[in-house]
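Data first, discussion second: the structure below is written as structure tokens.
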Amino acid sequence: MALLDVDRTHGRWPWAAATLAGPATVHAWQRRERMADGEWIYMLPLPALFWHQTEEWFLPGGFLPWFNREVLGSDEDEFPITRPVGLAINVGLGWGGALAAAAAGPGRPALAAGVAAMNVGNAVVHVRAAARERRWNPGLVTGVGLLGPLGAGALVALARRGAGRDVALGASVGAAVSAAAFLGLRRRARSR
């Protein structure tokens with residue numbers, strides 16, 4: 001195997017996620033005292049996402065062909081989610097959203113709620129597929145173990161802080177973005 005087997009991972013960015021997962025987790029661990037004050041809501045989504053993407057795309061990997069074929073109903077491994085689309089979703093929307101929420105912190109609870117809702121939605125997709133297929137899928141373990149609980153916990157914690165209206169708005173937008181992307185990809189798969 002080549003040092004950087006781009007075909008196996010369907011791009012270079014999964015290598016970055018796998019490389020950053022450990023250091024991001026160590027960084028969060030070093031800030032654990034501040035996490036008790038609620039900083040976890042803003043700081044943990046990115047390391048959780050790195051671990052999730054590592055499971056999906058890097059080790060054991062296999063997300064792209066599985067999701068395109070089994071979930072979206074495509075006849076192709078790399079359609080409707082292509083490598084560039086996977087990059088845009090995972091790095092642009094995923095990393096970008098998590099970084100924006102971390103940078104904004106408590107001042108923008110709607111942003112953190114949107115990220116949390118997308119992470120819960122991601123976990124739900126993996127659980128539904130696993131129940132339907134009666135088997136593991138790339139991303140199930142970290143979806144159930146990290147994204148789902150962290151997302152749900154963040155939504156509850158944000159609502160308890162008295163930001164109910166902002167949390168509802170952010171969660172609604174996050175859920176709508178996730179649903180629209182999923183439905184758009186499914187429609188695109190069926191159009192071919």
> In the chain, with Lys and Arg counted as +1 and Asp and Glu as -1 at Cβ, which of these residues, F79, A154, L93, has the Cα nearest the positive end of the dipole, that is, farthest along it?
Replying inline: A154
>> Running a GNM on the chain with Cα contacts under 10 Å, which residue among R69, R83, R31 ends up with the highest mean-square fluctuation?
In response: R31
> How are the C-alpha pair distances of the stretch 89-177 spread across 5 Å bins, as whole percents from the shortest bin up?
Replying inline: 3, 17, 23, 25, 17, 9, 5, 2, 0
> Treating the beta-carbon of each Lys and Arg as +1 and of each Asp and Glu as -1, no other charges, what is the dipole magnitude of the chain about its Cα centre, to the nearest 20 debye?
Replying inline: 500 debye
> Nearest 0.05, what FRET efficiency do A16 and V141 give at R0 = 22 Å with Cβ-Cβ as r?
Replying inline: 0.60
>> How would M35, M43 line up from fewest to most surrounding beta-carbon atoms within 10 angstrom?
In response: M35, M43
> How big is the gap, in Å, between the Cα center of the stretch 11-80 and the Cα center of the stretch 104-178?
Replying inline: 14 Å
>> For the stretch 48-140, I need the span (max minus min coordinate) of the C-alpha atoms along each principal axis, in Å, sorted largest to smallest.
In response: 44, 28, 22
> Which residues in the stretch 51-84 have a backbone N closer than 14 Å to a point placed 7 Å from the Cα of M35 along the Cα-to-Cβ line?
Replying inline: 51
> When the Debye formula is applied to the Cα atoms of the stretch 1-84, each taken as the same point scatterer, what base-10 log of I(q)/I(0) results at q = 0.12, 0.13, 0.25 Å⁻¹?
Replying inline: -0.45, -0.51, -1.10
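Sort E133, E56 by Cβ crowding within 10 Å, fewest neighbours at the top.
If I rank by nearby Cβ atoms, fewest first, I get E133, E56.
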> For the chain, what number results from the quotient of the Cα radius of gyration and 2.2 N^0.38 Å?
Replying inline: 1.02
> Which FRET efficiency, nearest 0.05, do T25 and R187 yield, Cβ-Cβ r, R0 30 Å?
Replying inline: 0.25
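Where a number appears in this text, it was derived from the coordinates with a stated rule and is not lab data. In this text the structure is predicted, and so the values were computed from the model without any measurement. FYI the Cβ positions are ideal-geometry reconstructions off the backbone, even for glycines, and counts take in every protein chain you see.
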